[in-house]
Amino acid sequence: MKLLASVFEQPWFIILILLAFFGAVVLAVILLKKKTGLFKDEEGANKSEAQIAKEEVDRILVDVDDPEAAKEMAEFKQEEAIEEDKKEEEAIGEDKPLGQ
């Protein structure tokens, strides 16, 4: 009996018991998945990557109903367009050969 008690107190035995327990859980999940189809997602099975991405973007993005925020966004877009035009003009000026 002392031999059996000393085996249960060993760290390797505790690790072995834990591995066996989690291995049994994994095996049970695999068998349930194969036999019953318990973990299948029928809703997203036939969707392409593009459709899934579009749905996620639509879910995250929300239209702004606040008129003040809409006004700020319009101003920002105008400023952004002006900055983009300046960058394009600078890029055109940089294409000139040296000496001209």
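Bear in mind that the values in this text are calculations on the coordinates, not laboratory data. The structure presented is a predicted model; accordingly, all values stated were derived computationally and were not measured. Methodologically, a virtual Cβ is constructed for each residue, glycine included, from the backbone with ideal geometry; neighbour enumeration extends over all protein chains shown.
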Subject >> Virtual spin-label span in nm between residue 61 and residue 36, 7 Å along Cα→Cβ >> reply: 4.1 nm
Original post:
Which ³J(HN,Hα) values, rounded to whole Hz and listed in residue order, are derived for the range 71-87 from phi using the Karplus coefficients 6.51, -1.76 and 1.60 in 6.51 cos²θ - 1.76 cosθ + 1.60 with θ = phi - 60°, glycine and proline given as x?
Top reply: 5, 4, 5, 5, 4, 4, 5, 5, 4, 5, 5, 5, 4, 5, 5, 4, 5
